[in-house]
Amino acid sequence: MIKVSSREEAWRLADRLFPSDYELEPLDKKIGHSIYRSTKPGESAWISDLGSRLELNYPNGSSENIWIETGMDIVVFIGMYEEQPVFGNLVIKNVREIPYHHVKGLVHKELEDGRFGIEITFGEDRTASFGCENVAYIRFSDKE
């Protein structure tokens with residue numbers, strides 16, 4: 001297992017290990033993460049940027065991961081809309097902030113129910129996903 005302490009270090013290592021130059025593909029909503037394809041004609045090789053790791057997929061079908069472990073508690077705060085009935089049909093929207101600790105990755109993707117949303121990977125490979133229509137804001141911090 002390859003581990004590094006920063007995204008910059010991970011990309012420097014990927015540059016040394018990957019067999020050719022690469023370029024960013026247009027984002028596919030169904031995939032939900034960035035893919036960098038080999039620029040060598042006919043070569044099926046790519047790098048998937050999965051947030052907490054880079055997955056290098058080589059032309060021979062093998063792959064390896066470069067894990068990014070910053071050593072700090074990355075906290076993502078999600079501001080979620082909540083409707084609160086006030087009087088009769090009158091409803092106000094409040095925002096409730098939910099912290100997620102030890103975040104390893106965050107991607108925008110198409111959710112299982114077909115909505116476009118956000119998926120967070122945190123803790124011991126747990127995930128949480130939200131439809132974008134419920135998210136007021138996303139805030140990042142290295143402390144609460």
In whole Hz, the Karplus estimates of ³J(HN,Hα) for region 134-141 (6.51, -1.76, 1.60; θ = phi - 60°; x where Gly or Pro) are 9, 9, 7, 6, 10, 10, 10, 7
Which residues qualify? For R53, with a placed amide H closer than 5 Å and at least 5 residues away or on another chain, they are I68
Across G105, G42, G117, the residue with the highest GNM fluctuation in the chain (Cα network, 10 Å cutoff) is G42
Exposure-ranked with fewest Cβ neighbours within 10 Å first, K93, K109, K104 stand as K93, K109, K104
In the chain, lysine pairs 8 or more places apart or on different chains with C-alpha atoms under 18 Å apart total 4
Rounded to the nearest Å, the spacing of the alpha-carbon centers of region 1-42 and region 92-129 is 23
Here region 75-141 gives, from Cα atoms, an Rg and Dmax in Å of 13.7, 44
Scaled by the rule-of-thumb 2.2 N^0.38 Å, the alpha carbon Rg for region 1-82 gives a ratio of 1.26
Amide H contacts under 5 Å for A45, restricted to residues at least 5 apart in sequence or on another chain and with H modeled in the peptide plane, are S38
Largest fluctuation, V75, V103, V86 only, Gaussian network model of the chain with Cα springs under 10 angstrom, belongs to V86
For region 19-125, listing GluC sites (Glu not before Pro) in a DSSP loop whose Cβ sees at most 11 other Cβ atoms within 10 Å gives E112, E124
Treating only Lys and Arg (+1) and Asp and Glu (-1) as charged, each at its beta carbon, one finds that region 2-68 has a dipole about its Cα centre, in Debye to the nearest 20, of 160
Taking Cα atoms only, helix 7-17 is inclined relative to the longest principal axis of the chain by an angle, in degrees rounded to 10, of 30
Options (1) 44.6, 136; (2) 30.4, 94; (3) 18.7, 65 are given for Rg and Dmax of the Cα atoms in Å, and the computed one is (3)
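Every number in this text was worked out from the coordinates using simple rules, so none of it is lab data. What you are looking at is a predicted structure, and each value in this text was computed from that prediction instead of being measured. As a convention, Cβ positions derive from the backbone with ideal geometry for all residues, glycine included, and neighbour counts pool all protein chains shown.
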